[in-house]
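**Q** Starting off with a structure, shown below.
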Amino acid sequence: MLTQINVVDFMPFGEAIFLPDSEELLLVMGENGTGKSALFEAVYWSLTGQTVRGMSAANVIRHGAKSCEVTTCWQTDEAQITITRYKSKSENRVEIWIDDEESETYTGAEAQPYIEEHLGDLSLLSIVAFFGRKFQKFSQMSARDRADLIDVLARASSWEAFRAEAASDVAIFRRDLAQIRDELDEAEQHLENQQQALDEARANLTEAKSAQKSGLVELRKNEKGFRAELVQVEKDLAAIDKRSARINKLGNARDAEAKDYAERIADKRVAITAVEVELRHYDLPEESECPTCGQRISKKLRDAIAADRSKVEAELPQMQADLDELIAENGKVVDTIRALSEEGRSAAETERNLRRDETQSRESLAGVKRRIERLNNAEDVTRYTERVEILKGREGVPMWRKKVKDGRASLKATEHGLACAEFWTTGFKQIRYMSMQRVADLLSTLMSRSVRALGFDVDELTCTIWKEGSRKGATRPEVNIMVRRGEYEDPVEALSEGETQRVDLACFIAIGQLVQAIEGFDPGFRVLDEPLVGMDDGGKFRTFQLLAETLQGQRFVIDHDGNFQDLFRDALIVERNDEDLAELRSL
């Protein structure tokens, strides 16, 4: 932990002392150009003799001063280290105190190993401890410099720790791979069965619909024929009804005529009988009794009969002829009645047959209608339709197709992970580019995780290795940072300002995590110079959350507007005095 910064004539500062005593987020505020960044340039210069921005050694001395001096105090688990670096035109020395021991004085170049002995490897300090537009960023480095950094990490001696972890990962990946393969085989078998069942159900449905269609065509044809037959029968019945009515009417007339003839014949026979009796009375003796009617024959009766006898005898043949004529006419009427009766019986029989045909036609028509209704609501069609819909639904073929797709993707990812883990267990130093790619893959994972936590909706940030000769003019490996969103992949240079800032922060956090994991180096402090540039309020708040949760140790946030001052427990203000020298003031 950094416990003290003492600056004398360094860049804009005359003399200033800063005593940070907290591992919480510390806000450093001030207007542009007051010297906020220069304060932490002094920390870096005291450790390395260089500036993060690559300024020349002479430019660190305040204008008008002859020399500069920066002292930084560090508290580690083992000791308290105090480092004082002095620079003038003729002298460059470093003094180092370990606890209360006497100081050792070194030249600038000689001091570096002793400082790293107590504070760790400082070669990556500018990348893992300093962030800001004035400081060097991994995302803004050249492709070749990125490749050199990844190559350094790939060659780190502490990689053996990854080998042990990779050996454990191999066992896990192999177990997962076997399980995924079993699940994938099962899902593919289910998909095949479901697809086969769907194809069979579709074939059955097609066949059932075809049978339904042909059956409906035939039945509607039969229905039309039965309707035509029924119409014809109804017409024939109407004709028979008219015919029967006519026969009944004629029969009634002939019956009345026959009855009239019968009465007339009877009357005529009575009249003839009376004449014959009267003539018979004339032939009987007087005072005798008629054996037929029992009448007594008197002379007066005989005389009366004798007077009319010639007339009666003359009328009797005519009466007999009239009787014969009436009988003949009556015979004709009776024959007509018999013919009408026979015709009536024939009409009745025809009507019965037509009624039977009508009943049969109606029953046939009703049967056809029932069969049409059954075909319209065919159970086979309904059953196969429901089966097809079930197999096409969410729980059918689409579900198993998705499971197979997800299983294949998981299998591919697991196989890739297993290949990576197996390679790590064999030693990356055998193949330089493959080892660099593994570091790039790990860095990509860390960057993707951090950039999503910052609210940047991307699928992945990837570090792509270009070997020398892989493109025209490439004489060394190069590393490009690509942003993948869906099917599209863009270089980091194509992003907006706010998006670039999030990617820069994600790279800064990921590089720190990667260096700590591989090199075992953690500077214990982070300087973030205006990390909120280009972000909206939501992005700024998420950035503070991520910085608080991810970065350990002291975190100094440089900001000139102080909009989020309430989120900090401590704040330091950098401002210029009347002599235009930078001064420090606690808030």
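Coordinate-derived values only; no laboratory data. Just so you know, these numbers come straight off a predicted model, no measurement behind them. With ideal geometry, Cβ positions are generated from the backbone for all residues, glycine too; neighbour counts draw on all protein chains shown.
**Q** Counting only residues 5 or more places away or on other chains, whose amide H sits under 5 Å from the amide H of R555 once H atoms are built in the peptide plane?
**A** Under 5 Å from the amide H of R555: L26, R526.
**Q** Further question: Can you sort C463, C73 by how many other beta carbons sit within 10 Å, fewest first?
**A** C73, C463
**Q** Kindly rank 33-39, 267-273, 484-490 from highest to lowest mean number of other beta carbons found within 10 Å of each residue.
**A** Working: 33-39: 22.1, 267-273: 14.0, 484-490: 10.6.
The densest-packed peptide leads the list: 33-39, 267-273, 484-490.
**Q** In nm, to one decimal, how far is the Q112 label point from the R246 one, both placed 7 Å along Cα→Cβ?
**A** 13.6
**Q** Starting from 0.36 nm per residue, how many nanometres of slack lie between I98 and E15 once their C-alpha separation is accounted for?
**A** Value of the extension gain: 27.5 nm.
**Q** Ok, one more. Cα centroids of segment 320-359 and segment 65-115: how far apart, whole angstrom?
**A** 151
**Q** Follow-up question, since we're still on this one. Take the Cβ-Cβ distance between K392 and V533 as r, set R0 to 41 Å, and report the resulting FRET efficiency rounded to the nearest 0.05.
**A** About 0.20, to the nearest 0.05.
**Q** In nm, to one decimal, how far is the E192 label point from the A274 one, both placed 7 Å along Cα→Cβ?
**A** 12.1
**Q** Can I ask one more? Counting only residues 5 or more places away or on other chains, whose amide H sits under 5 Å from the amide H of D459 once H atoms are built in the peptide plane?
**A** R484, R485, G486
**Q** Arranged by the count of other C-beta atoms within 10 angstrom, fewest first, what order do I17, I509, I372 take?
**A** With the fewest neighbours first, I17, I509, I372 line up as I17, I372, I509.
**Q** Follow-up. So the label point goes 7 Å from the Cα of V231 along Cα→C-beta, right? Which residues of segment 337-376 then have their backbone N under 12 Å from it?
**A** Flagged as within label range: none.
**Q** Beyond 31 Å between alpha-carbons counts as too far, so tell me which of K412/K540; K221/K249; K235/K369; K242/K332; K36/K66 fall in that bin. Don't skip to the end; give the middle numbers.
**A** Values: K412/K540 37 Å; K221/K249 42 Å; K235/K369 23 Å; K242/K332 25 Å; K36/K66 22 Å.
Where the Cα-Cα span goes over 31 Å, the pairs concerned are K412/K540; K221/K249.
**Q** Another question, if that's okay. Which shape class, rounded, prolate or oblate, goes with segment 19-87 when its Cα gyration tensor gives a ≥ b ≥ c as root eigenvalues, a/c under 1.5 marks rounded, and past that a/b bigger than b/c marks prolate?
**A** In terms of gyration-tensor shape, oblate.
**Q** A further question follows. If you stretched the chain out fully between E575 and S214, how much longer would it get, using 0.36 nm times the residue separation minus the C-alpha to C-alpha distance?
**A** Working it through step by step, the gained length comes to 120.4 nm.
**Q** Determine, for T48, T107, the number of other Cβ atoms within 10 Å of each Cβ, and report the residues in order from fewest to most.
**A** Result, fewest neighbours first: T107, T48.
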